[in-house]
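Data first, discussion second: the structure below is written as structure tokens.
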Amino acid sequence: MQKNTTVIDHPLVQHKLSLMRKKDTSTQSFRKLIREVGTLLAYEVTKDLPVFYQEIETPLMKMDAPFLEGKKLCLVSILRAGNGLLEGFMDLVPSARVGHIGLYRDPKTLVAVEYYMKLPELINQRLVLALDPMLATGHSSAAAVTRLKENGAKNIRFVCLLAAPEGIEYFNKIHPDVIIYTAAIDKELNDHAYILPGLGDAGDRIFGTK
Ligand code: URA
């Protein structure tokens with residue numbers, strides 16, 4: 001087991017992930033599957049959220065019933081593939097606040113440059129779930145989480161579908177305080193920083209751009 005990493009090995013998640021990996025899976029199916037897996041990951045990632053008890057009345061009697069404590073969650077999609085996971089998370093947590101971060105890698109300096117960022121207010125008081133399906137080198141994911149911290153986020157979890165060991169190691173080095181949730185840890189990266197065996201380019205597969 002890698003440091004600070006939780007693998008969500010629920011059989012439904014694993015089954016759906018295997019379908020997503022298949023090269024012949026259509027864009028329509030892939031999109032549906034990533035949304036479904038997003039919902040299942042959201043269920044697991046939120047399973048330790050604190051609750052408080054408040055008296056309510058059922059049709060039969062009064063009771064102390066549990067409700068989620070604290071400010072609404074903040075989901076942050078790391079563009080563009082993060083949007084695929086985001087839909088499943090929003091299905092399960094419909095009142096969550098949602099932010100977006102877009103970064104690209106400057107081909108000369110290799111530094112991650114921000115081209116878009118919009119975050120909800122009071123992010124410092126919310127649990128922030130940063131969503132990016134592929135933790136490959138970890139550079140863009142770590143850079144996105146750095147931006148979240150610069151904007152005040154203190155309590156962050158990172159959620160992906162697939163992680164490469166190299167990406168986990170790099171991410172852990174930069175953000176040892178952020179737990180990574182993933183459906184699988186794959187073998188390695190290829191020379192083009194694609195995850196092997198992986199599922200290809202997540203953005204292209206979600207949006208049908210290739
Ligand atoms: N991003 C992807 O979409 N796929 C990979 O394999 C690596 C990074």
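The values are calculated or read from the model by the stated rules, or taken from the named source; none is laboratory data. Fair warning: this is a prediction, and the values are worked out from it, not measured in the lab. Methodologically, a virtual Cβ is constructed for each residue, glycine included, from the backbone with ideal geometry; neighbour enumeration extends over all protein chains shown. Accessible surface is based on the protein model in full, side chains and every heavy atom, while ligands, DNA and RNA are left aside. Shrake-Rupley method; radii C 1.70, N 1.55, O 1.52, S 1.80 Å.
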Query raised in the report: What pairs come up if the first residue lies in region 86-108 and is under 18 Å from Ile206 (Cα atoms), the second is among the polar types (S, T, N, Q), and their beta carbons are under 7 Å apart, counting only those six or more places apart or on different chains?
Result: Leu86/Ser77; Gly88/Thr39; Asp91/Thr39; His100/Ser77
Query raised in the report: What is the one condition in (1) in contact with a Gly (Cβ under 8 Å, 6 or more places away or on another chain); (2) more than 10 Å from the ligand (Cβ to nearest atom); (3) under 18 Å from Leu86 (Cα atoms); (4) of a type outside the set (Phe, Trp, Tyr) that Gly208 does not satisfy?
Result: (1)
Query - Residue satisfying all of: in region 102-142; open to solvent by less than 70 Å² (accessible area, probe 1.4 Å) and among the hydroxyl-bearing types (Ser, Thr, Tyr); nearest to Ile195 (Cα to Cα) among these - result: Thr137
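Can you confirm whether region 90-107 contains a residue that is assigned to a strand (DSSP E or B), hydroxyl-bearing (Ser, Thr, Tyr) and within 16 Å of the ligand (Cβ to nearest atom)?
Pass one, region 90-107, residues assigned to a strand (DSSP E or B): 97-105.
Right, trim to hydroxyl-bearing (Ser, Thr, Tyr) and you get 104.
Within this subset, residues satisfying the condition of being within 16 Å of the ligand (Cβ to nearest atom) are 104.
Taking every residue of region 90-107 in turn, at least one turns out to be assigned to a strand (DSSP E or B), hydroxyl-bearing (Ser, Thr, Tyr) and within 16 Å of the ligand (Cβ to nearest atom).
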Query raised in the report: Of the numbered conditions (1) of a type outside the set (A, V, I, L, M); (2) over 30 Å from Ser26 (Cβ atoms); (3) near the ligand (Cβ under 8 Å from one of its atoms), Gly198 satisfies every one except a single condition; which is it?
Result: (2)
Report summary line: Filtering region 54-101 down to residues that are open to solvent by 70 Å² or more (accessible area, probe 1.4 Å) and in contact with a Gly (Cβ under 9 Å, 6 or more places away or on another chain) yields Arg80, Glu87, Met90, Asp91, Leu92
Requested in this report: Give the residue, chosen from Pro66, Pro59, that is of a type outside the set (Lys, Arg) and not in a loop (DSSP other than H, G, I, E, B).
Outcome: Pro66
Requested in this report: For region 161-190, name all the residues that are within 12 Å of the ligand (Cβ to nearest atom) and surrounded by fewer than 17 Cβ atoms within 10 Å (Cβ to Cβ).
Outcome: Glu166, Lys187, Glu188, Asn190
Requested in this report: Restricting attention to region 149-189, report how many residues are of a type in the set (Asp, Glu) and in contact (Cβ under 8 Å) with a residue 24 or more places away in the chain.
Outcome: 4
Report task. Collect the residues in region 168-192 that are closer than 19 Å to Lys23 by Cβ and of a type in the set (A, V, I, L, M, F, W, C), keeping them in residue-number order. Result -> Ala183, Ala184, Leu189
Query raised in the report: Taking Asn155 and the conditions (1) closer than 26 Å to Lys32 by Cα; (2) away from the ligand (no atom under 12 Å from the Cβ); (3) of a type outside the set (A, V, I, L, M), which numbered condition does it fall short on, given that it satisfies the others?
Result: (1)
Report summary line: For region 192-205 the number of residues that are of a type outside the set (Val, Ile, Thr), more than 12 Å from Gly84 (Cβ to Cβ) and open to solvent by less than 30 Å² (accessible area, probe 1.4 Å) is 1
Requested in this report: Please specify each residue of region 5-44 satisfying the condition of being within 15 Å of Leu162 (Cα to Cα), open to solvent by less than 50 Å² (accessible area, probe 1.4 Å) and part of a loop (DSSP other than H, G, I, E, B).
Outcome: Ile8
